[in-house]
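K.L.:
If you scroll down you'll find the structure; I have some questions about it.
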Amino acid sequence: MRSKLDLNLLRVAVTVLDAGTVSQAAKVLGISQPSVSESLAKLRDHFDDALFVRSRKGMAPTPRGAEIANAAREILLHVEQKLGARAPFDPGRPHRPFTFAMSDVGETVFLPKLSRALAKASPETPVRSVSMPPQQLAKAMEDGDVDLAVGYFPDLKGGDFYQKRLFTHHFLCLLRNEHPVRGNALTLEQFVDLPHAVVLSEGRSQEIFEEHLKELALVRRVAIYTPHFLSIPALVARSDMVVTVPHAMGIAYGKAAFGLRVIQLPFESPRIQLRQHWHTKFHKDARNVWLRGIVSELFNASTDEWQSASEKAREPAAAA
């Protein structure tokens with residue numbers, strides 16, 4: 001029966017060819033001379049050839065020995081290239097799109113700043129934002145079709161996903177500029193009595209607010225439900241409705257240009273923990289590690305452009 005052939009035996013063949021003697025090959029490999037001789041015996045048995053014979057200068061390869069040793073060199077080099085040390089990610093080269101899962105609100109908060117930074121760091125690689133149901137998203141992240149989910153994704157938890165908190169946001173309300181309700185905050189009576197526009201989108205952040213209302217046992221008067229934040233400015237600016245939105249959305253649209261203004265809730269707002277999520281398969285993947293670093297650097301409590309100075313001062317340090 002032929003001896004089994006493994007990479008260690010191939011490495012011995014290459015080293016003996018290069019070193020020229022068994023003793024020198026043993027020094028290079030860091031093993032004993034008998035171990036080298038034993039490995040040569042296994043190689044000779046496997047290939048049914050002397051492979052290396054004694055000569056005046058040490059060990060000379062037979063034609064078959066030279067052929068096998070040179071082929072072994074190519075095999076070992078290929079293995080080293082494929083299975084050796086992890087190569088660093090090179091953002092300067094073109095890559096498949098950097099793909100992020102975000103809600104429409106998440107795009108408002110993250111996408112402009114993120115796309116600018118990535119265009120500068122990796123100009124040959126496009127950026128893609130996607131939105132999909134939780135189960136589909138989990139599979140897309142496992143398959144590597146989505147690199148990171150950034151924002152509020154309560155379904156991405158458990159052993160299959162890592163997450164890191166970026167910062168915390170809250171909710172506020174929007175009214176039309178000329179709304180008869182004045183002041184900086186609604187009263188509880190006004191909040192309950194005013195007609196409300198309610199957004200029920202694929203983004204899960206609004207669920208936090210709806211649950212908070214249940215905990216407070218508050219029932220408001222809903223005039224319209226919509227799955228889109230995009231329609232909110234036109235709806236509210238032309239009516240007496242009020243809408244409660246994540247505060248980044250409120251700041252973005254609570255301007256004279258949209259015919260809207262910001263007004264605070266009559267009670268303390270619940271908090272939205274905004275995080276980046278990634279699948280465990282890609283925890284040490286060089287591309288994913290690089291992307292996570294970009295996101296962490298751009299979005300944290302100290303760099304949150306949507307927060308006021310007083311809010312930043314209250315923001316706790318981000319935790320994994």
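K.L.:
Can you say whether residue 113 is among the charged types (D, E, K, R), outside the structural domain of residue 249 (by TED's automatic domain parsing), closer than 18 Å to residue 204 by Cα and at pLDDT below 95, as far as the supplied structure shows?
P.N.:
Criteria not met by residue 113.
K.L.:
Hey, another quick one. Applying the selection to the range 225-254, what residues are at pLDDT below 90 and part of a loop (DSSP other than H, G, I, E, B)?
P.N.:
227, 228, 229, 230, 231 - these are the residues of the range 225-254 that are at pLDDT below 90 and part of a loop (DSSP other than H, G, I, E, B).
K.L.:
Let me ask something additional. Enumerate the pairs (first residue in the range 49-78 and touching a residue at least 60 places away in the same chain (Cβ under 8 Å) and among the aliphatic types (A, V, I, L, M); second residue anywhere and part of a helix (DSSP H, G or I) and surrounded by 15 or more Cβ atoms within 10 Å (Cβ to Cβ)) with beta-carbon separation below 8 Å, excluding pairs fewer than 6 apart on the same chain, so at least 6 apart or on different chains.
P.N.:
72/10; 72/11; 72/13; 72/14; 75/10; 76/10; 76/11; 76/14
K.L.:
Where residues in the range 2-31 are touching an Asp or Glu at 6+ places or on another chain (Cβ under 9 Å) and not in a helix (DSSP H, G or I), which of them is modelled with the highest pLDDT?
P.N.:
Per the stated criteria, the residue is 3.
K.L.:
Next up: Would you tally the residues in the range 256-273 being under 15 Å from residue 235 (Cα atoms) and part of a loop (DSSP other than H, G, I, E, B)?
P.N.:
Matching residues across the range 256-273 total 1.
K.L.:
Looking only at the range 172-196, which residues are within 29 Å of residue 274 (Cβ to Cβ), out of contact with any Ser or Thr (no Cβ under 6 Å at 6 or more places or on another chain) and part of a strand (DSSP E or B)?
P.N.:
Scanning the range 172-196 gives 172, 174, 175, 176, 185, 196.
K.L.:
Kindly evaluate residue 135 against the criterion of being over 25 Å from residue 299 (Cβ atoms) and within 19 Å of the chain's Cα centre (by Cα).
P.N.:
It is true that residue 135 is over 25 Å from residue 299 (Cβ atoms) and within 19 Å of the chain's Cα centre (by Cα).
K.L.:
Here is a follow-up. Being more than 23 Å from residue 150 (Cα to Cα), polar (S, T, N, Q) and surrounded by 15 or more Cβ atoms within 10 Å (Cβ to Cβ) is the filter here; which residues of the range 175-225 pass it?
P.N.:
190
K.L.:
Is it fair to say residue 157 is in a loop (DSSP other than H, G, I, E, B), of a type outside the set (Asp, Glu) and outside the structural domain of residue 258 (by TED's automatic domain parsing)?
P.N.:
yes
K.L.:
Another question, then. If only one of 129, 115, 122 is more than 15 Å from the chain's Cα centre (by Cα), of a type in the set (Gly, Ala, Ser) and surrounded by 15 or more Cβ atoms within 10 Å (Cβ to Cβ), which one is it?
P.N.:
Answer to the selection: 122.
K.L.:
Does the range 156-164 include one or more residues that are of a type in the set (A, V, I, L, M, F, W, C), surrounded by 12 or more Cβ atoms within 10 Å (Cβ to Cβ), over 13 Å from the mean Cα position of the chain (by Cα) and more than 16 Å from residue 270 (Cβ to Cβ)?
P.N.:
no
K.L.:
Considering (1) surrounded by fewer than 21 Cβ atoms within 10 Å (Cβ to Cβ); (2) in contact with a strand residue (DSSP E or B) (Cβ under 6 Å, 6 or more places away or on another chain), say which one residue 105 fails and leave the rest.
P.N.:
Tallying (1) surrounded by fewer than 21 Cβ atoms within 10 Å (Cβ to Cβ); (2) in contact with a strand residue (DSSP E or B) (Cβ under 6 Å, 6 or more places away or on another chain), residue 105 fails exactly one: (1).
K.L.:
Okay, moving on. Would you confirm whether or not the range 38-53 contains a residue that is exposed (fewer than 13 other Cβ atoms within 10 Å of the Cβ), outside any helix (DSSP H, G or I) and not aliphatic (A, V, I, L, M)?
P.N.:
Yes: one or more hits.
K.L.:
Can you find a residue that is polar (S, T, N, Q), part of a strand (DSSP E or B) and within 30 Å of residue 194 (Cα to Cα) anywhere in the range 163-171?
P.N.:
There is at least one residue in the range 163-171 that is polar (S, T, N, Q), part of a strand (DSSP E or B) and within 30 Å of residue 194 (Cα to Cα).
The values are calculated or read from the model by the stated rules, or taken from the named source; none is laboratory data. Note that the structure is a prediction, hence the values are computed from the model and not measured. Cβ atoms come from the backbone with ideal geometry, glycine included; neighbour counts cover every protein chain shown.
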